[in-house]
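Here is the structure we will look at, set down as structure tokens.
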Amino acid sequence: MLTIGAFAKACRLSPKALRLYDELGLLPPARVDPDTGYRYYAPEQLERARLVAWLRRLGMPLARIREVCELHAREPAAAAREIRAYWARVETETALRRDLAAFLVDHLTATSRKDTTMLELRYSAHSDQGRVRPANQDTAYAGTRLLAVADGFGAAGGPASSAAVEALKFLETEEVAAGSVLNLLEDAVRGATEAVHDLAEGTESGTTLTAVLWTGSQLALAHIGDSRAYVLRDGELFRITHDHTVVQSLLDEGRLTPEEALSHPQPALLLKALTGGTPAGPDLRLHDARPGDRYLLCSDGLSTVVPDDRVRDLLTASPDPERAVRSLIGAANDAGGPDNVSCVVADVVEAANVAEAVEAANVAEAVGA
């Protein structure tokens, strides 16, 4: 038997940590002296203790460490898979935090010129039936302040997507107090949820919803489902939403590779959407905008058939939002158009340059013709 001090030194866990893991039932000692309460450990417990120590260094929560240890005792390969899945999720969450940190750095280091420059959106929206579906259940909308895409499904999918977007349109004229834009958007999505619930209750119907509210310098984003939002910045395309699908959750956990995800039999099986059932909350985020940013909102009728690098190329090559939308929808239909496809493209421009940009686009179109 090893004393707690000797055992702690051998496994590189402190005596304090060993006492905690004993209390939690994660690593109980082999024997406790009935008179002194002193803990003794068996040499064969070192392997489990070292595994616990390594997993704690990874930052794994204690509850999950318990699961891994139990798997390791029965099937080491299964424990390895669980660790791989955990780390894949950590990397995904780290990437999301990295993107958020980049936006925060941009915001906090913004120049005085940005503080005094008025920004506006140039935008275009279109929804297309595609080449296979008998009807269009998508809804796309773009206005001076609101951008939205909803992808309906089920018997009442079309009315559901339309109702969800319609419930947000009051945001075009609603006054937004400083610091409350996300609260306002969340309340609006709650209204959209109620509208969809009334239409879809008792059916297997519903809709996704990805919406952006423009404040003049920032974009507030609400997202639920597998429609997507992207930003094209400095020639690079970044996805700023996270799909609420079974396939995406398996990717996050490391249980599917990106290549396996492409051939999954149920790629559009949703974990969250606006439906007639229990309400699900949206993802809410705030993004600092730059002049020159181009934003894309789209239904999965685009993202499932047109790769991101092709989307980036089409967005980069199109001089204005209208032609960008037409190019993207055309690419989806050229790829077979298996689903309805909806796109909203919005450019962030300096207010003084809006008219100049529109005129330049018209000239480019005339020359191209």
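Every number here is computed from the coordinates shown, using simple stated rules; none is lab data. Quick caveat: nothing in here was measured; it's all calculated off a predicted structure. FYI the Cβ positions are ideal-geometry reconstructions off the backbone, even for glycines, and counts take in every protein chain you see.
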Could you give the angle, 0 to 90 degrees to the nearest 10, between helix 181-200's Cα long axis and the longest principal axis of the Cα atoms of the chain? 80
Helix 354-368 versus the longest principal axis of the chain: what is the Cα-based angle in degrees, 0 to 90, to the nearest 10? 70
Label of the coordinate-derived value, Cα Rg over 2.2 N^0.38 Å, listed as (1) 1.33; (2) 1.25; (3) 1.01: (2)
Calculated FRET value between residue 263 and residue 50, using beta carbons and R₀ = 35 Å, to 0.05: 0.35
Estimated FRET transfer efficiency (residue 238, residue 36; beta-carbon r; R0 51 Å; 0.05): 0.25
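Hey, with R₀ at 51 Å, roughly what FRET efficiency would residue 190 and residue 1 work out to, going by the Cβ-Cβ distance, to 0.05?
After rounding, the FRET efficiency stands at 0.25.
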Using 7 Å Cα-to-Cβ label points, what is the residue 94/residue 284 separation (nm, one decimal)? 3.0
Roughly what would the spin-label model give for residue 62 and residue 81, points 7 Å off Cα along C-beta, in nm? 2.8
Which shape class applies to region 277-344: rounded if a/c is under 1.5, otherwise prolate when a/b exceeds b/c and oblate if not, where a ≥ b ≥ c are the square roots of the Cα gyration tensor eigenvalues? oblate
Nearest 10, in degrees from 0 to 90: the angle of helix 62-74 to the longest Cα principal axis of the chain is 60
Where in the chain is the longest stretch that carries no GluC sites (Glu not before Pro) classed as loop by DSSP and with at most 12 other Cβ atoms within 10 Å? 1-174
Name the residues of region 71-95 whose amide N is less than 18 Å from a point 7 angstrom out from the Cα of residue 182 along the C-beta direction? 93-95
